[in-house]
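Structure first, commentary second.
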Amino acid sequence: MRSIWIKAALLLAVVWLIAGGAIWWAQGRKPTPERLAAYVDSHPIEGKSANDRAEVIEKAAKQLNGLSYDERREIRFSRKLDGFFRSLSPDEQSRFLDLTLPEGFKQMMEALNKMKPNERKIFVERTLNQMRRDEDIPEEARERFREDPNTQKIIDQGLKSFYSEASADTKMDVAPILEQMQRNLQQLR
């Protein structure tokens, strides 16, 4: 009888070790902002072949898409991918955006939909204040905006996600942002 308990305890210990190892392995593979930044820093694309460049872009996009909404915001505000993005050719930039924008906007719409109405109101007010401060855009920035082929892609993808994935309440609450965005875009053009 005693050997059955020993065998059961050993079997349970083995199961826990396997489960713990699997969890440790899975957490080690989950993308983080730090891992993504380290990846693009350790895989510069300058001087690489087109296939190698495409592979780095695909892997970076996959890691970015594996981040949560808050992690994506963290990496965007830290500007850790700016150098990587600027090092891409215009076609590569377009490809990177094609790979990452849909997931990013989807996560943003999910976050907006999950907000309580009062949280969304605060978000809208803060965003509107920022947009109004940015109304007086220097001519240099206007020129960059007009020349950047990806600007329209970003706007189109954002609006597509907004109209297809935002709840009715979110659409109503965020409408003032869209109106201000339209005013700002008209000034840029």
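Throughout, read-outs are computed from the coordinates displayed, never taken from laboratory work. Note that the structure is a prediction, hence the values are computed from the model and not measured. No Cβ is skipped: glycine too gets one built from the backbone with ideal geometry, and neighbour counts run over all protein chains shown.
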Of the residues L67, L112, L97, which single one is outside any helix (DSSP H, G or I) and not β-branched (V, I, T)? L67
Considering each of R120, R76 in turn, give the residue that is out of contact with any helix residue (DSSP H, G or I) (no Cβ under 6 Å at 6 or more places or on another chain), surrounded by 14 or more Cβ atoms within 10 Å (Cβ to Cβ) and either of a type in the set (F, W, Y) or part of a helix (DSSP H, G or I) (or both). R76
State whether the residues of region 123-132 include one that is exposed (fewer than 13 other Cβ atoms within 10 Å of the Cβ), under 27 Å from L64 (Cβ atoms) and in contact with a helix residue (DSSP H, G or I) (Cβ under 7 Å, 6 or more places away or on another chain). no
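Just need a number here: residues in region 35-64 that are assigned to a loop (DSSP other than H, G, I, E, B) and surrounded by 14 or more Cβ atoms within 10 Å (Cβ to Cβ).
Count: 2.
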Matching residues in region 150-166 (surrounded by fewer than 13 Cβ atoms within 10 Å (Cβ to Cβ) and closer than 13 Å to M109 by Cα) number 2
Those residues of region 79-94 which are assigned to a helix (DSSP H, G or I) and exposed (fewer than 14 other Cβ atoms within 10 Å of the Cβ), in sequence order: D82, G83, R86, P90, D91
